[in-house]
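Input: a single structure, listed below in structure tokens.
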Number of protein chains: 2
Amino acid sequence: MVEQRIQLDLVFAALSDSTRRDILARVAKIEMSIGEIAEHYKMTFAGIAKHVKVLERAGLVIKKRRGKEQVVIIVPSSLSIASSHIEQYAKMWSERFNQLETLLKEEK
Amino acid sequence: MVEQRIQLDLVFAALSDSTRRDILARVAKIEMSIGEIAEHYKMTFAGIAKHVKVLERAGLVIKKRRGKEQVVIIVPSSLSIASSHIEQYAKMWSERFNQLETLLKEEK
DNA sequence: CTATCATTAAACTATATGGTTGAACAAAGG
DNA sequence: CCTTTGTTCAACCATATAGTTTAATGATAG
């Protein structure tokens, strides 16, 4: 329970950086080694490796050794937790939506 | 375009703290003043006010003055941006899902 | 075994964040 | 106007983060 809240912290924090979201989008399409990922950015290899580590700690990707390379692979489950969490807000706010509209009109 | 990416950074960063997610869940149900919100936490009033400001900067809530209180109200649109963004990953990974399953089995 | 390629780890700097306290500002009520 | 209540702002501290460079480890090819 508490663990899952921490996990969610890590997932959202990982997604809060556009470089990491970009990396995630890449490996969602094609699995890539860290070196291959790094080629697409101005940042140093070590910098990219750190970003990948953040994604890994959040459980968004895993690494699998293939020869001497380390291949980065996306993990669906953790992202779906984040997604469903956001949907919970969606439910709650939809109940309040009309109320909100009125208030925003008042503003003008 | 670039602005939206920055906005998304702010939205995910705002959601990466469990206190802020908790506040968001509260105001999604019932609009509350900052003081009312603060009553539910051990943190100081100013601490909560800062968290609310983070949510506000991300566009997740707005404040509306009601008498001498400042009422915090959730804003649907920004959250839906985040949600749809996550769904984009969902689409991409679903294409790769079978491929992934195989790899995870190999692991064992 | 050695040389090489891919990755990880460590040490460091700069900046951002979460939290505090205390002072200043704003609106309402006497 | 003065006081009270609710909020904001500024200064400060501790810790976390993003990035760098350099050294160390792992795996493969010869």
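Some observations on this one:
- Considered as a group, the residues in the stretch A:45-69 that are hydrophobic (A, V, I, L, M, F, W, C) and out of contact with any strand residue (DSSP E or B) (no Cβ under 8 Å at 6 or more places or on another chain) include one that is surrounded by the most Cβ atoms within 10 Å (Cβ to Cβ), and that residue is A:58.
- Some residue of the stretch B:4-15 being in contact with a strand residue (DSSP E or B) (Cβ under 9 Å, 6 or more places away or on another chain), among the aliphatic types (A, V, I, L, M) and either at pLDDT 90 or above or surrounded by 19 or more Cβ atoms within 10 Å (Cβ to Cβ) (or both): no
- Qualifying residue in the stretch A:70-77 (condition: touching an Asp or Glu at 6+ places or on another chain (Cβ under 6 Å), at pLDDT 90 or above and surrounded by 14 or more Cβ atoms within 10 Å (Cβ to Cβ)): yes
- Taking the stretch A:24-38 as the range and being open to solvent by less than 20 Å² (accessible area, probe 1.4 Å) and at pLDDT below 95 as the test, the residues that pass are A:24, A:27, A:28.
- Criterion violated by residue B:42 - all others in (1) at pLDDT 85 or above; (2) open to solvent by 80 Å² or more (accessible area, probe 1.4 Å); (3) within 14 Å of DNA strand D (Cβ to nearest atom) satisfied: (3)
- Of all residues in the stretch A:39-52 being within 7 Å of DNA strand C (Cβ to nearest atom) and either under 18 Å from residue A:74 (Cα atoms) or among the basic types (Lys, Arg) (or both), the one that is farthest from the other protein chains (Cβ to nearest Cβ): A:49
The values are calculated or read from the model by the stated rules, or taken from the named source; none is laboratory data. Since we're looking at a predicted model, the values are computed, not measured. Cβ coordinates were reconstructed from backbone atoms using ideal geometry, including for glycine residues, and neighbour counts include every protein chain displayed. With ligands, DNA and RNA removed, areas are computed over all heavy atoms of the protein, side chains included. Shrake-Rupley method; radii C 1.70, N 1.55, O 1.52, S 1.80 Å.
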